[in-house]
Amino acid sequence: MTEVINFTIDTAVAPVHMDEILEFIYKFYLIPKPENFDNIRRTNEKFGSTLEFTALIADKSWKVNAKLISGAPIQVELEPDEGTPQEFVTSIKEDLILAVQIYHETVRQSTLYFAWVEGEDIIPEQPPTASKRLSDRLFGSNLLFIYVLFFGVNIILFLLLGLVFAVAAIIGLQLVIVLLSDKIYTARNNWRITPSNPNVHIIEYQLPVEEFKEFREKFGKEVVVQMKKEIYDKTLAVGKEPTCELGEQVFENYGFQCTPESKLVKVIDVYSIVKTAAEKFELPIPKIVISNTMVPNAAATGPSPSRGLVMITTGLLVELEEDEILSVLGHEMGHLKGRDPIVLFSIISGEFILRFTIFFPLVIINPIIYIIVVMAIIFFVAKFFETRADLVSAIKIGQPKVLAESLRKIGFSRLQMERSSSNILRWLAWDPHPPLYFRIERLDKMKTPVKVKHPLIQSAKDVFSGFRRSFGG
């Protein structure tokens with residue numbers, strides 16, 4: 001007898017939209033592919049709407065019966081036929097999670113977010129501007145992109161200082177950035193989290209999608225910003241929580257109605273979650289900063305575990321549940337525990353010295369090809385450390401599948417791109433992270449408790465294995 005697979009899909013969607021998720025899956029996932037789905041049934045029951053269907057493999061020799069029940073979270077039941085390939089069952093699961101995230105992304109376009117930390121200045125949400133994305137890319141990923149930036153800087157220094165002094169100056173500047181990375185991150189983010197100030201408060205107003213779309217097309221994004229500012233001025237600026245009652249006049253002025261069913265409220269004890277992660281890794285509690293942007297992200301930096309810093313965005317707190325946040329922070333603690341910023345600095349500095357000594361003849365022959373090849377190798381090696389961070393999170397936090405679900409949620413758009421592009425190019429890209437599908441698949445296969453004697457060696461083996469499979473082997 002085949003095993004029935006039960007799982008849940010958490011999503012930060014207000015109650016008013018819950019039944020719409022199943023309708024979205026019906027219209028945009030099932031109906032466009034009649035050859036792949038059969039026995040589609042929708043019902044309204046006392047405890048929530050249901051959607052049932054049968055997924056058929058290409059030649060229809062195998063099938064999976066699926067049932068979804070709306071709610072928070074969405075309940076999913078998959079019952080495969082005897083002998084149905086596990087890859088097919090996993091693909092159905094991935095598709096459903098992806099469909100929910102796509103719907104949530106649609107709702108997010110008409111959502112007004114308000115976040116604040118008690119005792120801190122009120123700072124409206126920062127949009128993901130180009131400069132902000134560049135800054136996050138530079139100071140994230142264990143500062144690897146900072147080192148890439150110095151490829152351009154070194155040309156100027158060579159002209160001003162000469163070869164020997166330029167190499168020393170560049171390595172010295174990179175070292176200063178590593179040693180001050182925690183202070184740099186503290187200075188450029190919005191809020192500090194401390195034991196006496198541990199909570200982040202988040203309120204979302206999820207307005208009707210079509211109405212909000214028409215409103216934004218008519219008045220522009222600037223009016224949306226003004227609308228949020230008026231609500232801030234009437235609530236948070238005077239020490240009051242944004243409620244439907246307090247914001248009612250503002251909503252009415254813009255033609256909207258606020259209902260309790262369209263509002264979500266979260267209070268996250270961020271300090272306790274970070275403290276739990278640090279204790280599991282036997283590390284000092286790092287500094288904690290919150291960046292008020294809806295792009296879900298987290299990063300860790302610092303010259304040593306005793307001077308570690310963790311950055312978390314409000315978008316990550318909105319998207320994930322507390323156990324998922326803990327697993328993601330386990331990944332970041334893995335970077336601090338492994339002293340990855342210093343290790344990568346050493347690798348980059350070593351290559352930099354070799355470039356102007358042993359490898360100099362190669363540089364002279366074709367400097368562009370040399371840089372492309374060397375950077376591809378360095379970023380490929382950096383993937384060992386990102387993969388190790390996943391592994392040590394699974395070992396220390398003990399929830400590899402929870403981390404996998406977190407990556408599916410916050411990386412769903414990247415998963416979409418990976419489905420339609422070359423996996424080989426993803427492996428060779430100037431990105432310290434391996435392809436997301438590889439990270440999720442690897443975590444899903446782990447059985448708890450995870451026991452690995454040498455996490456970095458095992459992670460390097462897994463990266464080479466994943467890269468080899470991308471060629472179809």
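The values are calculated or read from the model by the stated rules, or taken from the named source; none is laboratory data. Keep in mind that what you see is a predicted model, and the values were worked out from it rather than measured. Cβ atoms come from the backbone with ideal geometry, glycine included; neighbour counts cover every protein chain shown. With ligands, DNA and RNA removed, areas are computed over all heavy atoms of the protein, side chains included. Shrake-Rupley method; radii C 1.70, N 1.55, O 1.52, S 1.80 Å.
When P(r) over Cα pairs in 10 Å bins from 0, in percent is computed from the coordinates, the matching label among (i) 4, 17, 26, 25, 18, 8, 2, 0; (ii) 4, 21, 33, 28, 12, 2, 0; (iii) 4, 17, 21, 17, 13, 11, 8, 5, 2, 1, 0, 0 is (i). Could you compute the FRET efficiency for E230 and N197, with r as their C-beta to C-beta distance and R0 at 25 Å, rounded to 0.05? The formula returns an efficiency of 0.40 here. For S304 and E279, the difference between the fully extended length at 0.36 nm per residue and the C-alpha to C-alpha distance is 7.4 nm. The charge dipole of the chain, taken about the Cα centre with unit charges on the Cβ atoms of Lys, Arg (+1) and Asp, Glu (-1), comes to about 1920 debye, rounded to the nearest 20.
Measuring nothing but how far apart in sequence close Cα pairs (under 8 Å, 6+ apart) lie, relative to its length, the range 332-473 scores a relative contact order of 30 percent.
Per atom type, the range 292-335 shows carbon and sulfur on 47% of its accessible surface, probed at 1.4 Å.
Gain on full extension, evaluated as 0.36 nm per residue between A429 and A187 minus their Cα-Cα distance, stands at 84.1 nm.
Rounded to whole numbers, the Karplus 3J(HN,Hα) couplings from phi for the range 385-397 are 6, 5, 5, 5, 4, 4, 5, 5, 4, 4, 6, 7, 7 Hz, using 6.51 cos²θ - 1.76 cosθ + 1.60 with θ = phi - 60°, and x at Gly and Pro. Each Lys and Arg contributes +1 and each Asp and Glu -1, all at the Cβ; summed about the Cα centre of the range 300-342, the dipole is approximately 440 debye. Between T448 and M417, the modelled label-to-label distance comes to 3.1 nm, taking each label 7 Å out from Cα in the direction of the beta carbon. Applying 1/(1 + (r/R0)^6) with r as the Cβ-Cβ distance of L180 and D59 and R0 = 56 angstrom yields a FRET efficiency of 0.40.
When only the Cβ of Lys, Arg, Asp and Glu is charged (+1, +1, -1, -1), the dipole of the range 405-473 relative to its Cα centre reaches about 240 debye. In the chain, the longest principal axis of the Cα atoms and the axis of helix 144-161 are about 30 degrees apart.
Counting only GluC sites (Glu not before Pro) that DSSP places in a loop and that have at most 12 other Cβ atoms within 10 Å, the longest clean stretch of the chain runs over 283-473.
The label-point distance for V4 and S91, in a model that sets each label 7 Å from Cα toward Cβ, rounds to 2.5 nm.
A Förster distance of 22 Å, applied to the separation of the beta-carbon atoms of K218 and K33, puts the FRET efficiency at 0.05.
Projecting the Cα atoms of G466, P455, F438 onto the charge dipole of the range 421-468, computed from C-beta unit charges around the Cα centre, puts P455 farthest toward the positive end.
Could you work out how much longer the chain between V381 and I457 gets when fully extended? Use 0.36 nm per residue separation minus the Cα distance between them, nm to one decimal. That works out to 26.2 nm of additional length.
Across the options Q399, I372, L362, the greatest Cα extent toward the positive end of the charge dipole of the range 354-419 (unit charges at beta carbon of Lys, Arg, Asp, Glu) belongs to Q399. Ordering G239, F219, L264 by the projection of their Cα atoms onto the charge dipole of the range 212-273, which places +1 on the Cβ of Lys and Arg and -1 on the Cβ of Asp and Glu, puts F219 at the extreme positive end.
In this structure, the amide hydrogen of I288, modeled 1.01 Å from its nitrogen in the peptide plane, lies closer than 5 angstrom to those of I193, V310, counting only residues at least 5 positions away or on a different chain.
Think of a 1.4 Å ball rolled over the protein heavy atoms: the chain then has 47 Å² of accessible area per residue.
Taking 7 Å steps out from each Cα toward its Cβ at F464 and I102 produces label points 3.8 nm apart.
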